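Okay, so here's the structure we're looking at.
The values are calculated or read from the model by the stated rules, or taken from the named source; none is laboratory data. It should be emphasised that the depicted structure is a prediction, and the values quoted were computed from it without experimental measurement. Here the Cβ is made from the backbone with ideal geometry for all residues, glycine too, and neighbour counts use every protein chain on show.
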Amino acid sequence: MLESVITFSENAAPFPEIDTNAIIFLIKNQKPINKLLWIKVNEVGNELLQFIQSDFTNTDLPTIDIIERELSEALQTGLSRPPHQELISPYKLSDFATVMRGIATGANDFFFLTNQQIEELNLPKEYFRLTLGRTRDVENDILTTKEIIELDRKGRPTMLLYIDKPKNNLPKQLMDYIKEGEKLELNKRALIKSRNPWYKTEKREIPEMLFAYLGRRDVRFIKNEVGVLPLHCLHCVYTNSKDKQEINNLWTVLNHPETLENLKYVSKSYGSGALKAEPQSLKDLPVPEKFVKKYNLTIRKKQIYNTLF
């Protein structure tokens, strides 16, 4: 049976500064039961060893958290995550928006270019879309034209080759560029060779918000005022409502410290302090009920109910 699970806070990570998530499983050769002990080590020391040597009876240990959990709840929440002590909120991000990962090119050096590169290669700009390629390229919670201009000034790529469907009679300059990619055998790379044609870019609509899902700095939701497409370092967040004020209200709620605190329930945490929330997990992010009411957020479930009845 699974007797207990031992996890570690950032301060007590066994492999500090490394993006890995250490978990210790204590297993007994006994009939399974529906409960387990969930242990979180908060500081480096010997109290965890004391607890184990006491046969799990010495619980007066201030540097470790010891919680008895239902096995079903622990598996559903995630063994690396703290338990839901109570129903945090009846509302989730999926009530207000849908989440999708950003575009994966398989060869950023080929698909993701600077304006200067496009000009030097004489490539037609109508086949490119404004794109954000890394989280640290945006320092604020709002992405505007000003930030894009600054990235371009610094020589950072901001333009994505975006051929979202096969097209006949592509310009000669573009076909020559595609042939150069084939000479480099980009079309044989694992991710790229599944596309037909190989230079066809994954399609995304412009999201109202971007989510920085992995990093050592505070994760956040970024309002996409300039209308960029994100690469896979960011998630696309598509709001149900397209009203500007409602988008702003939701963005305000999602960036509130109480909402961001709930990321621990849907993210993987790493020894370096980084969090990682995949799209399917992020959609379950609890949104505090008091903010839903305060900002009068439009709830998808109500929209469906009204449509049906």
### Query
Any residue at all in the range 105-128 that is surrounded by 16 or more Cβ atoms within 10 Å (Cβ to Cβ) and among the basic types (Lys, Arg)?
no
### Query
Does the range 70-85 include one or more residues that are more than 30 Å from Arg204 (Cβ to Cβ), more than 25 Å from the chain's Cα centre (by Cα) and not polar (S, T, N, Q)?
yes
### Query
Could you list, in sequence order, the residues of the range 220-250 that are part of a loop (DSSP other than H, G, I, E, B) and among the aliphatic types (A, V, I, L, M)?
Val226, Val228
### Message
Being hydrophobic (A, V, I, L, M, F, W, C) and either in a loop (DSSP other than H, G, I, E, B) or assigned by TED's automatic domain parsing to the domain that holds Val228 (or both) is the filter here; which residues of the range 116-132 pass it?
### Response
Leu121, Leu123
### Task
Within the range 205-225, count every residue that is at pLDDT 95 or above and surrounded by fewer than 19 Cβ atoms within 10 Å (Cβ to Cβ).
3
### Query
Does the range 168-205 hold any residues that are closer than 27 Å to Glu120 by Cβ and among the hydrophobic types (A, V, I, L, M, F, W, C), and which are they?
Leu170, Leu174, Met175, Ile178, Leu184, Leu186, Leu191, Ile192, Trp198
### Query
Name the residues in the range 1-39 that are surrounded by 12 or more Cβ atoms within 10 Å (Cβ to Cβ), under 24 Å from the mean Cα position of the chain (by Cα) and of a type in the set (D, E, K, R), would you?
Glu10, Asp19
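Looking at the range 226-249, is at least one residue among the aromatic types (Phe, Trp, Tyr), surrounded by fewer than 21 Cβ atoms within 10 Å (Cβ to Cβ) and either closer than 16 Å to Thr135 by Cα or modelled with pLDDT of 95 or more (or both)?
For the range 226-249, residues among the aromatic types (Phe, Trp, Tyr), surrounded by fewer than 21 Cβ atoms within 10 Å (Cβ to Cβ) and either closer than 16 Å to Thr135 by Cα or modelled with pLDDT of 95 or more (or both): present.
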### Task
Tell me, please, whether a residue that is touching a Pro at 6+ places or on another chain (Cβ under 9 Å) and within 30 Å of Ser241 (Cβ to Cβ) can be found in the range 135-154.
yes
### Query
Here are some residues: Lys146, Lys200. Which one is in a loop (DSSP other than H, G, I, E, B) and under 28 Å from Met100 (Cα atoms)?
Lys200
### Message
Exactly one condition in (1) farther than 25 Å from Asn196 by Cα; (2) modelled with pLDDT under 95; (3) small (Gly, Ala, Ser) is false for Gly133; which is it?
### Response
(1)
### Task
Return the total of residues in the range 26-62 being in a helix (DSSP H, G or I), of a type in the set (A, V, I, L, M) and without any contact (Cβ under 8 Å) to a residue 40 or more places away in the chain.
2
### Summary
Given the conditions (1) modelled with pLDDT under 95; (2) surrounded by 15 or more Cβ atoms within 10 Å (Cβ to Cβ), every one holds for Gln280 apart from (2)
### Query
Just one of Pro90, Pro157 is surrounded by 15 or more Cβ atoms within 10 Å (Cβ to Cβ) and either free of Cβ contacts under 8 Å to residues at least 24 places away in the same chain or part of a loop (DSSP other than H, G, I, E, B) (or both); which is it?
Pro157
### Task
Give the residue, chosen from Ile52, Ile33, that is out of contact with any Lys or Arg (no Cβ under 7 Å at 6 or more places or on another chain) and either assigned by TED's automatic domain parsing to the domain that holds Pro286 or under 14 Å from Met1 (Cβ atoms) (or both).
Ile33
